[in-house]
């Protein structure tokens, strides 16, 4: 499967300045074991349903396994992963553009 | 035609094996992949109204929530007719999004290219 070209930044300062999200989804996974595998991408899907095509969703996740999960889900679903910002060892922010 | 068939042959006697197929199926369905969970043996009870209520493996989301999310994301629940019949399960017993299917039906889907996975 073709890999999408995305911006991967290590700090917030290096996140693309053009990324102004239309909505933010903050996910705290610490209280739910296995949440990223089980529920993160369906939750993103649910949030995107509320948004218009072309709008940008920022997803904040506190589990590094999401760095594998979210890009794969974007490739499958056809939503565009614009950038992934790795804030530290666990916390990550993703910027997704809803597909048309 | 579906792209992925996730097999499940456990009911509430094994909550983990009953839940995991719907977790994987839900991730697939939420990525807009045509997905079905194929229920066989004791798993066919999962397609019936009220059966999944209150079932939750520690560390997992509640089965009923995952099942509901799976169906709302377009996932299909297939209950094997060979297994529903001896258990007295009919279409009228089924939850929304579920139906009784035959072996030839899902074999055709697999022969046409649907991937399968089991746990």
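Quick note: the coordinates plus some simple rules give every number you see, no bench work behind them. Everything numeric here is computed off the predicted structure, so don't read it as measured data. Methodologically, a virtual Cβ is constructed for each residue, glycine included, from the backbone with ideal geometry; neighbour enumeration extends over all protein chains shown.
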Cα→Cβ-extended label distance, 7 Å offset, between residue B:53 and residue A:90, nm: 3.7
Let me test this: with uniform point scatterers at the alpha carbons of the range B:1-105, what is the Debye-based log₁₀ I(q)/I(0) at q = 0.14 1/Å? -0.45
Max mean-square fluctuation residue, GNM over chain B, Cα-Cα springs under 10 Å, options B:62, B:29, B:79: B:62
Average beta carbon contacts from partner chains per residue of B:18-24, 10 Å cutoff: 2
How much of the calculated P(r) for the range B:1-54 lies past 18 Å, in percent of all Cα pairs? 29
Inter-part distance where the range A:25-85 and the range B:1-26 are each reduced to a Cα centre, Å: 22
Averaged over residues of A:38-49, the number of beta carbons from other chains lying within 10 Å of each residue's Cβ is 5
Length-normalised contact order for chain B - Cα pairs under 8 Å, 6+ apart - percent: 33
Taking 0.36 nm per residue of sequence separation and subtracting the Cα-Cα distance, how much length would be gained by fully extending the chain between residue B:14 and residue B:108, in nm to one decimal? 30.9 nm
Hey, what number do you get for the protein assembly as shown at 222 nm if only DSSP H runs of n ≥ 4 count, each worth -39500 (n - 2.57), divided across all residues, to the nearest 500? -8000 deg cm²/dmol
Calculate, in nm to one decimal, what residue A:60 and residue A:26 gain on full extension: separation in residues at 0.36 nm each, minus their alpha carbon distance. 11.8 nm
For the protein assembly as shown, just the Cα atoms, rotate onto the principal axes and tell me the three extents in Å, largest first. 63, 37, 27
With a Förster radius of 30 Å, plug the Cβ-Cβ distance of residue A:19 and residue A:49 into 1/(1 + (r/R0)^6) and report the FRET value to the nearest 0.05. 0.90
So what's the projected area for the range A:50-100, the Cα convex hull averaged over all directions, in nm²? 3.3
